[in-house]
Amino acid sequence: MGFLSSIKIGNERYPPLTGIRAMGAAAVFFVHLPFYLGRTVVIDVMALFFVLSGFLIFYLYYENEKVQQWKLRQYFVNRFARIYPVYFLLVTIAILLRHDFRPLFLFKNYTLTHAFFRNLADRAIQPSWSITVEECFYLLAPLIMWVIKRFNFFAALLGGFVMLAIALFISTLPTSFLHTYQFVFSVTFFGHFFEFFCGIFLALCVLKKEKKGSVALSGMKYTLLGTTGILMTTAVFFISNNMNDPKQATEFYLVNNFILPIPVAILYYGLICEKSFLAKFLSLKWMGLLGRTSYAFYLVHTMVIEAVATPFIAPYFQGHHNLYVIVVFILTQGIALAIYTLYEEPVNKWIRKSFSQKNMPAKN
């Protein structure tokens, strides 16, 4: 406990949302290294991250004077400091482990353009496709803010559908770029844009509510409503088994990319405004710590599973698979904590300090 108390977790305005990161990263881990339950249960939790990103970026920057004036230098410095140093470290390690030094392979991975192309072998870190999705949103966010201010939210949302239509048209061409409509919906920003917009709408609602005074609400209506909606959507996936049936891909993308984000946003609204047990749990210091380390955990977990756990740890747990999963999970959390404390946070602070400007958010 002394070690945990010595780590500065952060001063987030809404701590439950940091705890959500930890829950989402853990869920991704257990998808890639699941417990043995007699039946495989696969759940796509990326909506948790994408809705959260949409909320945080707009909550932090929507009313920032520098961004409104298109002075975006510090905005992009903050984004770079948050994302790229950890990615650069881990993708370099992954490339060295693979012994793959093809120039095009290196270019795609270091520029985060690898997720625009169908070839899965070109991803040094398998889950890093979502970082490309996030980066696309970061690049477009200032433009989306301008459209919302100049027109309204729904004009920007319409622009998202136009981008999706263009991407779907490109996917019909004989090229590996955006490849197929399934590819567009599964691993590109264009297929996931609605999840970010649910977070954007949430941020606009919260900012409006803050201007009127306290955001606090009595009861747990929104927390329960959002949780129920997420569970019902998950039940649809489980019952239909459409996660594993290519013939039901269209139905899956409709539910996963355009319906699930709505209850996720409602849940986040409840976590922000209501004092529920879930909000208190997600606000615990150790949950905040796991939330802050979740980015490193997310990127490193498949490397730990493939390069460390499978060849060196699994042989000692024959017949005890679930215990093996727990041990690997704890090991991965320890590695992520080391990366966060010794590299991610110090480098993040150094970059922000070195390129700092006034009037920009200090966090995220």
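A few points about this structure:
- Pick from segment 267-293, criterion of a type in the set (A, V, I, L, M, F, W, C) and either over 18 Å from the mean Cα position of the chain (by Cα) or part of a loop (DSSP other than H, G, I, E, B) (or both), ranking: surrounded by the fewest Cβ atoms within 10 Å (Cβ to Cβ): 277
- Restricting the first member to segment 89-112 and to residues that are on the phi > 0 side of the Ramachandran plot, and the second to residues that are assigned to a helix (DSSP H, G or I), the beta-carbon pairs closer than 8 Å and six or more apart or on different chains are 112/87; 112/128; 112/131; 112/132; 112/135.
- Test: residue in segment 211-232 that is closer than 30 Å to residue 97 by Cα, under 22 Å from the mean Cα position of the chain (by Cα) and not hydrophobic (A, V, I, L, M, F, W, C): no
- Near pairs, Cβ below 7 angstrom, 6+ apart or cross-chain, from segment 257-274 (over 24 Å from residue 182 (Cβ atoms)) to any residue that is open to solvent by less than 10 Å² (accessible area, probe 1.4 Å) and not in a helix (DSSP H, G or I): 270/276
- Summed over segment 136-173, residues that are under 13 Å from residue 53 (Cβ atoms) and touching a helix residue (DSSP H, G or I) at 6+ places or on another chain (Cβ under 7 Å) total 5.
- Among the helices (runs of 4 or more DSSP H) confined to segment 1-114, the ones with at least 1 residues that are of a type outside the set (D, E, K, R), farther than 23 Å from residue 138 by Cα and at pLDDT 90 or above are located at 16-32, 73-98, 103-110.
- Considering (1) touching a residue at least 40 places away in the same chain (Cβ under 8 Å); (2) surrounded by 14 or more Cβ atoms within 10 Å (Cβ to Cβ); (3) not charged (D, E, K, R), the lone condition that residue 327 does not fulfil carries the number (1).
- Verdict on residue 337 being over 20 Å from the mean Cα position of the chain (by Cα), assigned to a helix (DSSP H, G or I) and hydrophobic (A, V, I, L, M, F, W, C): no
- When 206, 187, 162 are checked against the criterion of being within 20 Å of residue 263 (Cα to Cα), at pLDDT 90 or above and within 25 Å of the chain's Cα centre (by Cα), a single residue qualifies: 206.
- Considering segment 67-92, and only residues there that are within 12 Å of residue 125 (Cα to Cα) and out of contact with any helix residue (DSSP H, G or I) (no Cβ under 7 Å at 6 or more places or on another chain), the residue that is least open to solvent (accessible area, probe 1.4 Å) turns out to be 92.
- Listed by first and then second residue, the pairs linking a residue in segment 217-238 that is touching a residue at least 12 places away in the same chain (Cβ under 8 Å) to a residue that is in a loop (DSSP other than H, G, I, E, B) and open to solvent by 70 Å² or more (accessible area, probe 1.4 Å), with Cβ atoms under 7 Å apart and 6 or more places separating them unless they lie on different chains, are 233/259.
- Residue check, residue 247 surrounded by fewer than 17 Cβ atoms within 10 Å (Cβ to Cβ), at negative phi, basic (Lys, Arg) and at pLDDT 85 or above: no
- The set of residues in segment 126-135 being at pLDDT below 95 and either crowded, with 20+ Cβ neighbours inside 10 Å or farther than 24 Å from residue 307 by Cα (or both) consists of 128 alone.
- Residues in segment 133-182 that are in contact with a Ser or Thr (Cβ under 8 Å, 6 or more places away or on another chain) and of a type in the set (D, E, K, R): 134 alone.
- Only residues that are of a type in the set (Phe, Trp, Tyr) and either outside any helix (DSSP H, G or I) or open to solvent by less than 80 Å² (accessible area, probe 1.4 Å) (or both) were counted across segment 142-175, and they come to 2.
- Any chance residue 281 is of a type in the set (Phe, Trp, Tyr), without any contact (Cβ under 8 Å) to a residue 60 or more places away in the chain and out of contact with any Lys or Arg (no Cβ under 6 Å at 6 or more places or on another chain): no
- Residue ID - surrounded by the fewest Cβ atoms within 10 Å (Cβ to Cβ), chosen from residues in segment 176-205 that are free of Cβ contacts under 8 Å to residues at least 60 places away in the same chain and in a helix (DSSP H, G or I): 181
The values are calculated or read from the model by the stated rules, or taken from the named source; none is laboratory data. Note that the structure is a prediction, hence the values are computed from the model and not measured. Positions of Cβ are generated from backbone atoms using ideal geometry, with glycine treated the same way; all protein chains shown enter the neighbour counts. Calculation scope for accessible area: heavy atoms of the full protein, side chains included, ligands and nucleic acids excluded. Shrake-Rupley method; radii C 1.70, N 1.55, O 1.52, S 1.80 Å.
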